[in-house]
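The structure appears right after this line, and notes come after that.
The values are calculated or read from the model by the stated rules, or taken from the named source; none is laboratory data. Being a predicted model, the structure only gives us computed values, none of them experimental. Cβ coordinates were reconstructed from backbone atoms using ideal geometry, including for glycine residues, and neighbour counts include every protein chain displayed.
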Amino acid sequence: MLGTALARCSDPTDPVATVVGRLQHELFVAQTELAVPPGGPAPAVRIEARHVQRLEQDLDLLTSRLPPLKTFVLSRGAAGAAEIHHARTVARRAERELWSLHRDAPLRPEILQWINRLSSLLFALALTSNHEHGIAETAPDYAT
C-alpha cells in the first residue's frame, strides 16, 4: 500500500516520497521485532527511541507547513494521499492489535510509541500530499 503511494510520487526529492520510503524500511524493522516470540532471542534490529523521535520530527515539520485544521476531514484527495489515508487506517488498526497483544505479552514501550506516531505521521503525509497537489481538504457533511 505505501509502495503504491511512493510509486505515484513523481519527484524522488518530494518530502512525502522520502518519508514514505524510510517508513517502508522501518516497517521491516518493526516486523522483525514483532516476529520474535515472547522469551525468544532479542532481534538483531528493533524499533528504538530514535525511530520514534524521527517520526515526531517529521510530523512537526510537515504540520508546520500546513494550514491549521479546524474540523475533521474526509480521507480522500490526490491518489497518493488517499492511499496514505488508507495506510493510516491500517496502522491505527495495527496499533489496537498491538495493545491487545501487549496485555498478554508485554511489548517494549518504543514499539507502542512508534506505531502510535506512525499513524499520526501518515495523516500529516496525506494532508501534505493534498496540499502539494493544490487539493483542499473536505470537511464531513454532518447534515446528510
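Key figures for this structure:
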item	result
Tally, over the range 82-97, of residues that are touching a residue at least 60 places away in the same chain (Cβ under 8 Å) and either in contact with a Lys or Arg (Cβ under 9 Å, 6 or more places away or on another chain) or among the hydrophobic types (A, V, I, L, M, F, W, C) (or both)	4
Residues (farther than 14 Å from residue 126 by Cα and not basic (Lys, Arg)) located in the range 69-89	71
Residue satisfying condition, being within 30 Å of residue 142 (Cβ to Cβ), modelled with pLDDT under 95 and not charged (D, E, K, R), within set 12, 67	67
Residue match in the range 104-123 (condition: modelled with pLDDT under 95 and among the aromatic types (Phe, Trp, Tyr))	no
Total residues in the range 20-71, condition assigned to a loop (DSSP other than H, G, I, E, B), in contact with a Pro (Cβ under 9 Å, 6 or more places away or on another chain) and not β-branched (Val, Ile, Thr)	2
Criterion (at pLDDT 95 or above, closer than 29 Å to residue 134 by Cβ and out of contact with any Leu (no Cβ under 9 Å at 6 or more places or on another chain)) met by exactly one of 53, 57	57
Residue identified as at pLDDT 95 or above, surrounded by fewer than 20 Cβ atoms within 10 Å (Cβ to Cβ), within 30 Å of residue 13 (Cα to Cα) and not β-branched (Val, Ile, Thr) among 92, 76	92
Considering residues of the range 108-143 that are part of a loop (DSSP other than H, G, I, E, B) and touching a residue at least 24 places away in the same chain (Cβ under 8 Å) only, the residue surrounded by the fewest Cβ atoms within 10 Å (Cβ to Cβ)	140
Residue match in the range 122-142 (condition: hydroxyl-bearing (Ser, Thr, Tyr) and within 23 Å of residue 29 (Cβ to Cβ))	no
Considering residues of the range 13-30 that are more than 12 Å from the chain's Cα centre (by Cα) and surrounded by 14 or more Cβ atoms within 10 Å (Cβ to Cβ) only, the residue nearest to residue 118 (Cα to Cα)	30
